[in-house]
Amino acid sequence: AANPTAPQHPLRQAAFRNDLLRQDWTPTQPMLLCGGNADPTVFFSLNTMAAKAYFNSKNVPDPAVMVLDVDSVASGPTDPFAAVKVGFATLKGNTFTAGGATAVLREYHGGLVPPFCNAAARAYFSQFAPPV
C-alpha cells in the first residue's frame, strides 16, 4: 500500500503539499466534526473518526474537537445533541417508510445528514459567540 505521508506520484505529491491536515496543522479554536455513521459517500470512520484520532495524537484535547454522529442514539438527558439525533432518526425513519432502504441510501449524504449537522453546528458554535 502507498504511504500517505510520502506520496510518490506527482499529483499525490501536489495534493500532499496542499493538505494542511498532513502538514501538522492542529486546531486552535473549537471544532465540530459532524456526519452520520452510515454515510455511503463520506465514510464516518475513515474521515471523521480518523481526523479525531489524528488531532488527539497531536495532543489536541477532546473538548476542542467535538464529534457528532447524527445517526446515533442520544446518550441521555445531558446530551447536547439529543434533539438533533432524535430529529435525524425521525427523518431517516420517515424516508425509509416512504421509499425503503434505497431511498435512505440515496438521500443519506445529501438530504438527511446536512440539515442536522447544520443545526448542530449553529447551536454548538453559538456558545462561543461574543454577547451582542
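The values are calculated or read from the model by the stated rules, or taken from the named source; none is laboratory data. Remember, predicted model here, so these are calculated numbers, not experimental data. Methodologically, a virtual Cβ is constructed for each residue, glycine included, from the backbone with ideal geometry; neighbour enumeration extends over all protein chains shown. The protein model used for the area step is the full one, side chains on, heavy atoms only, and it has no ligands, DNA or RNA in it. Shrake-Rupley method; radii C 1.70, N 1.55, O 1.52, S 1.80 Å.
Descriptive notes on the structure:
- Folded to 0 to 90 degrees: helix 113-126 orientation relative to the chain principal axis, Cα: 80
- Degrees between helix 82-107 axis and first principal axis of the chain (Cα, 0 to 90, nearest 10): 90
- Placing pseudo-labels 7 Å out from each Cα toward the beta carbon at Q29 and N118 gives an inter-label distance of 2.1 nm.
- Using alpha-carbon coordinates, inclination of helix 48-57 to the longest axis of the chain, degrees: 50
- Carbon plus sulfur fraction of accessible area for the chain, probe 1.4 Å, in percent: 61
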